[in-house]
Amino acid sequence: MKKIFNLPFLVAHLLLLILIVTVLQQGQKAVQPNTAFLVGIGLIELLYLYKLWRARSKEKSLKAPSDIVVLVWIFLLIWEITVTQLNIMHPVLVPAPEDVFHVFPTQYRTLLEGVVSSLQLLLIGFFLGLSFGVILGLPVGWIPRLRDVCFPIANVLAPIPPVVFAPYLIAIMPTFRSASALVILLGIFWPTLLGMIIRVGSIDRRILESARVLNVDNRTMVLKILFPYVLPGVVSGLKVSLTTSVIMLTFAEMMGATKGMGFYIINYTHYANYTNVVAGFIVVGVVVTFLNWVVGIVQTKAIKWQ
Amino acid sequence: MGAISIKELSFSYTDHNQSYLALDNVNLQINDGEFVCLIGHSGCGKTTLLKILAGLMLPDKGEIRLGDRLLQGPGTDRAVVFQHYSLFPWMTVLQNVEFGIRQAKKKMPKRQAQQLALKYLDKVGMAAFSAKYPYQLSGGMQQRVAIARALAMDAEILLLDEPFGALDTKRRKDLQRLLEQLWNNGGQRKTVLFVTHDIDEAILLADRIIFMRPGKITACLKVPYERPRKQEEISKSPNYEKLKADLQQLFYLDSELKKHEEDL
């Protein structure tokens, strides 16, 4: 039984108390109601307590969640004191935390629409790119003649960052959405294809011999041997692929979308409304963290045989 | 049907434009249902010979006939067990055996193949582990499954490349007994080519021991004991010591020769 009420825990809650008291004070700067900010702080505290509870039952360090939350509270305290209380920061460039958090309840509809629109594009591009990469990569990696032709071509095309295609693709594709899906698709496809070709080419000779002495035909080879063999590689690369597609997505959205997370941020940057821009950062951060969490679960559940 | 006839077989590896003759004009006749152990030092070409028989490599010269068919590549008329990694790590024990059966008998329905797989897993004492993945099994258990798969495929010829080489003495003895038992009692005896460098193993299992020295077959010894064999009984029989001494001398002579070459 480990102690939860250790020193970092007490420090974290002392800081939390100071933060709440400070937020409740009337500051030098006129800001939006502090309700949303306090709710935000409450949510962080809840998440922290949940993590502590999980760490207690899982033999993990109890200190790490406390240390992290201490840093968060210190950051929020500095932000609150310098902007709202003392008003010593740039009035436009550094928005008050109350104002930033107030964006969520007032603009949640726009934000949510943006997130949904972005996620649709992201998932379409991500899954299509991944599927094409794997489906084409397996036979190309396996059949020497295909590999000798495709590998050099892929090596030339893959390093061109798909973001440089983006403006052109937006110009030639019928809709913006199809263009940005295509940008994400390309960003995922080439690295996946190259990875597949290399992985199939370097397959463990003993596995290959075991398969060959069982006289497997090409179809069985690809479906029953090569595909399961490369799958762990695909799964372990999911996080990198996801990060790549988020970069592609936000970039494409900044080029010419009319909705989505990237559009939200670039749009308010044009109006110098940095309160909304910072709120947009937070939304992107939360969404990407959530996606990574989902991918993490998939990774631990997907491969049972290792 | 399971007879193997090897005529004037040569094979060389090429590495960095240097070619190395691994098999030099090898001739060997193995009868249907015969258990042959191929013995020799590492690098003498015994694994190369087995791989050519498995169809993994094509000979440079010479021909191999299985029964009256010319060997032209891999086929499910031969079942192979390697020292490591014969099983596919992403398939369960049952799926591994079933996959082998369905490769050998494409028309067999899935359910029937599963039942057959279970039957053979039971024979090697692995039926209780049929839902496990290979990484959850010990080396000895994996080899039991590999043997079950090879037998379940009902190939005429079994090719075994040091299948017990990585096991400890106790497990090795258990599996040697199991293999002999299954081979002996399985109705139609299969032709077995068993590569090893363990003299006791060869004497225990083989009808005939073939000794190889780099690239060539240099000796051929008949092992006359009745089956089923027991290590204790064999070691008491009068000509056991002579047979073992002969084999040891072959090994010894070989290392002497090598040493001599190094000295030169």
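Taken together, the values in this text are just the output of simple stated rules run on the coordinates, not laboratory data. Treat the numbers as computed from the prediction; the structure is a model and nothing was measured. As a convention, Cβ positions derive from the backbone with ideal geometry for all residues, glycine included, and neighbour counts pool all protein chains shown.
Applying the criteria of a DSSP loop state and at most 13 other Cβ atoms within 10 Å to the trypsin sites (Lys or Arg not before Pro) of region B:35-132 yields B:Lys106, B:Lys107.
Sorting the segments A:88-101, A:24-37 by their residues' average number of neighbouring beta-carbon atoms within 10 angstrom, most packed first, yields A:88-101, A:24-37. Taking the helices alone, chain B has a mean residue ellipticity at 222 nm of -12500 deg cm²/dmol, built from -39,500 (n - 2.57) per DSSP H run of at least 4 residues and averaged over all its residues.
Compute a Gaussian network model of chain A, connecting alpha carbons closer than 10 Å, and tell me which residue from A:Leu121, A:Leu38, A:Leu49 fluctuates the most. Looking only at A:Leu121, A:Leu38, A:Leu49, the largest GNM fluctuation is found for A:Leu49. Charge tally around A:Leu121: other residues with Cβ under 9 Å, Lys/Arg +1 each, Asp/Glu -1 each, net 0. In this simple spin-label model, placing a label point 7 Å from the Cα along the Cα-to-Cβ direction at both B:Gln181 and B:Lys230 gives a separation of 1.4 nm. Among the residues of B:87-98, the average count of other protein chain beta-carbon atoms within 10 Å of the residue beta-carbon is 3.
Residues within the reach of a label modelled at A:Ser236 (point 7 angstrom out along Cα to beta-carbon, backbone nitrogen below 19 Å), restricted to region B:110-154, are B:134-136. For B:Ile217, the residues whose amide H sits under 5 Å from its own are B:Asn27, ignoring neighbours fewer than 5 places away on the same chain, with H placed 1.01 Å from N.
Using only helices, what value at 222 nm comes out for chain A when you add -39,500 (n - 2.57) per DSSP H run of length 4 or more and divide by the total residues, to the nearest 500 deg cm²/dmol?
The per-residue figure over chain A is -26000 deg cm²/dmol.
Residues in region A:155-161 carry Karplus couplings, in order, of 5, 7, 6, 4, x, 6, x Hz; the curve used is 6.51 cos²θ - 1.76 cosθ + 1.60 with θ = phi - 60°, and Gly or Pro positions show x. Comparing B:Ser86, B:Ser42, B:Ser237 in a Gaussian network model of chain B, where Cα atoms under 10 Å apart are tied by springs, the biggest mean-square fluctuation is seen for B:Ser237. On the beta carbon distance between A:Ile135 and B:Gln115, with R0 = 45 Å, the FRET formula returns roughly 0.85. Rounded to whole numbers, the Karplus 3J(HN,Hα) couplings from phi for region A:295-306 are 4, x, 5, 4, 4, 6, 8, 5, 9, 8, 9, 10 Hz, using 6.51 cos²θ - 1.76 cosθ + 1.60 with θ = phi - 60°, and x at Gly and Pro. In nm, to one decimal, how far is the B:Tyr252 label point from the A:Leu157 one, both placed 7 Å along Cα→Cβ? Placing both labels 7 Å along Cα→Cβ, they lie 6.8 nm apart. GNM remark for chain A: springs join alpha carbons under 10 Å apart, and the peak mean-square fluctuation among A:Ser57, A:Ser118, A:Ser236 falls on A:Ser57.
Fewest Cβ neighbours within 10 Å first, please rank A:Ile160, A:Ile197 accordingly.
Fewest-to-most ranking of A:Ile160, A:Ile197: A:Ile160, A:Ile197.
Under 21 Å of direct C-alpha separation, and excluding same-chain neighbours fewer than eight residues apart, B:Lys110 reaches these lysines: A:Lys224, B:Lys119, B:Lys123, B:Lys132. With a cut-off of 11 Å between beta carbons, the residues surrounding A:Gln32 carry a summed charge of -1, where Lys and Arg count +1 and Asp and Glu -1.
Taking every residue in A:221-228 and counting other chain Cβ atoms within 10 Å of its Cβ, the average works out to 2.
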